[in-house]
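**Student:** Okay, here's the structure, questions in a sec.
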Amino acid sequence: MIVIWMTTIIPNAKPPPCDTLTTNCSSPTTGQYAFLVLGFILLAIGGGGTRPCSQVFGADQVNVGNTANNKNRLEIFLNWYYMFSCVSIIIALTVIVYIQEHLGWMIGFGVPVVLMFLATLSFLLASPFYVKVKGNTNLLTGLVQVIVAAFLNRKINLSDPELSSQYYHEKDSAVTVPSDKLRFLNKSCIIQDTERDIRPDGLARNPWRLCRVEDVEGLKAFLRVIPMWSAGIMISVNTSGSPFGLLLTRTMDRHIGPKFEIPAASFGTFVILVIGIWIPLYDRVLLPVASKIRGKQVTLSVKLRIGLGLFFSFMSILTSGMVESIRRQRAIDGGFENDPLAVIHMSAFWTVPHSIFGGIAEAFFVIGQTEFFYTELPMNMLSIAGSIFGLGTTFGSLIASFILNLVDSFTKSEGNDGWMANNVNKGHYDYYYYLLASINLLNLVYYVYCSCAYGPTKVEQMSKEVIEKETDEASPLLMESGNFWTTD
């Protein structure tokens, strides 16, 4: 941000000012371009470091231990983290933009620089009080070693009782025996010959043939969450594949009263506003009321929240298609078929239900999937959890572009502009929305299958164990109170 800010302060870091309407302005020099690009690169590097890790680091502060109560605190933290992220976006799109437009770019970029400096300073001052989980510097290498070792040891017979009882693991490790899921990977941690495989200091002689149980279970956990992660890509497809809201909203009546007109681009902030309203409503009103009615704490499982997010995302796209069908028909009935810029007699607030469904979808899905990754993956893989979430957004954008180009090429013909015509009144953007809704519905079915195949999460298993333990402890008391004791 400092480099970008300097482009507004140093005169030689930018082209000389000019009136673009009356004169031919000089282009930036190579050095000026390079200085600006340097700022963007540094900004991207900083964002790539903080975005995947800040949420995980914050969760480490509230998730000390492995109890059900800590998991509830984790859900609360993720809810409020995401809500404040939305608040920051709203401030950036309103307050910061206002400062830039009315007070100039120097102050407009200077304010974020000051805020980032204060944030960095506060982080450094509070650093001694933070919980810091030691990372694994060889994480990716360890995962690859498990795959290689499993292949090299592919001839091992897992049913051999002598081999199946000898597993390589660290001292004082909580995981000493691999799980039965994805059993073929267990071959990578079996000690076949102690003298040949283990050094005198207890370490493996060749980590590419013998891996720790911890690494095996880490790779298993990562592979198991991939199908669940892939089902969530459709959320990003919906966000990236429906950029036409601005084009369609511009043709609708955006007035509040006789004089004030909401800019078409501002309707995109309704999604963020819904998220900011829904999260505290869900966390502070709906869940406490439900808990009071049932007489015990009520929470929604992460898999259910992810599924609800996908369902509301489907409803958001379906609603967009229905609204566009009505808008297009009204434009044609009004004689505006050949005038894509004409404003029809239809309020732009018809698009608000789409924003409501979309906001609730993001609130359920993003928080649910983040918590799912955090609770299911080992502690040393949590930074990867944040990274694959961003990777899903990238894949979603690429898939959305592919679908868009495919639809445009298949629906175009001689004398027909196709569904994605430049004239929104001649095209069929409603059909495109319905196509996305159909894909979303199939994706929802796919997610249900993946969720059932995944089985219970760690939190669900923990809750089940707690309930069984409480039931076992309460059984003698119930028998005594019910006169089930017999005496001679």
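**Student:** Can you pull the accessible area of Glu362 for me, 1.4 Å probe, Å² to the nearest 10?
**Tutor:** 50
**Student:** Please report the relative contact order for the chain, taking Cα pairs under 8 Å with a sequence separation of at least 6, and give it as a percent rounded to a whole number. Intermediate results must be reported in sequence, preceding the final value.
**Tutor:** Details: 518 pairs, mean separation 87.1, N = 488.
Computed over the chain, the figure is 18 percent.
**Student:** By its C-alpha gyration tensor, with a ≥ b ≥ c as the square roots of the eigenvalues, how is the range 90-213 shaped: rounded for a/c under 1.5, else prolate for a/b larger than b/c, else oblate?
**Tutor:** Prolate shape, in that a/c is at least 1.5 and a/b is the bigger ratio.
**Student:** Something else now. For the range 137-215 and the range 306-321, what is the separation of their Cα centres, given in Å?
**Tutor:** A separation of 44 Å, based on Cα centres.
**Student:** Here is a follow-up. How big is the gap, in Å, between the Cα center of the range 254-272 and the Cα center of the range 72-98?
**Tutor:** The range 254-272 and the range 72-98 have Cα centres spaced 21 Å from each other.
**Student:** Remind me, relative contact order of the range 240-347 in percent, using alpha carbon pairs under 8 angstrom and six or more residues apart?
**Tutor:** Numbers: 45 pairs, mean separation 46.4, N = 108.
Relative contact order here is 43 percent.
**Student:** Here is a further query. Can you list the cysteines of the chain that have no other Cys Cβ under 4.7 Å away?
**Tutor:** Cys53, Cys86, Cys189, Cys211, Cys450, Cys452
**Student:** Using the 2.2 N^0.38 Å rule of thumb for compact globular proteins, work out how the chain stacks up: its C-alpha Rg over that value, please.
**Tutor:** Details: Rg = 28.3 Å, N = 488, 2.2 N^0.38 = 23.1 Å.
Against the compact-globule rule of thumb, the ratio is 1.23.
**Student:** Residue separation times 0.36 nm, minus the C-alpha to C-alpha distance between Asp160 and Asn422: what's the value? Show your work: numbers first, answer last.
**Tutor:** On the way: separation 262, 0.36 × 262 = 94.32 nm, distance 6.75 nm.
Fully extending the segment from Asp160 to Asn422 adds 87.6 nm.
**Student:** Residues of the range 139-163 with amide nitrogen under 14 Å from the 7 Å Cα-to-Cβ point of Ile191?
**Tutor:** The answer is 162-163, whose backbone nitrogens lie closer than 14 Å to the label point.
**Student:** Quick query: amide H of Glu261 versus all other amide H atoms, modeled in the peptide plane; which residues come in under 5 Å with a sequence gap of 5 or more or a different chain?
**Tutor:** Ile256
**Student:** Taking the Cα-to-Cβ direction at Glu170 and at Gln329 and moving 7 Å from each Cα, how far apart do the two end points lie in nm?
**Tutor:** Placing both labels 7 Å along Cα→Cβ, they lie 6.4 nm apart.
**Student:** Once you compute Rg and the Kirkwood Rh from C-alpha atoms, what is the Rg to Rh ratio for the range 228-356?
**Tutor:** Numbers: Rg = 18.5 Å, Rh = 17.1 Å.
Using Cα coordinates only, the ratio equals 1.08.
**Student:** Please report the projected area of the range 156-253's Cα convex hull averaged over all directions, in nm².
**Tutor:** Values: hull surface 41.0 nm².
That works out to 10.2 nm².
The values are calculated or read from the model by the stated rules, or taken from the named source; none is laboratory data. Because the structure is a prediction, the values reported are computed rather than measured. In this analysis, Cβ positions are derived from the backbone assuming ideal geometry, glycine residues included, and neighbour counts consider all displayed protein chains. In case anyone asks, the SASA skips ligands and DNA or RNA and just uses the protein heavy atoms, side chains included. Shrake-Rupley method; radii C 1.70, N 1.55, O 1.52, S 1.80 Å.
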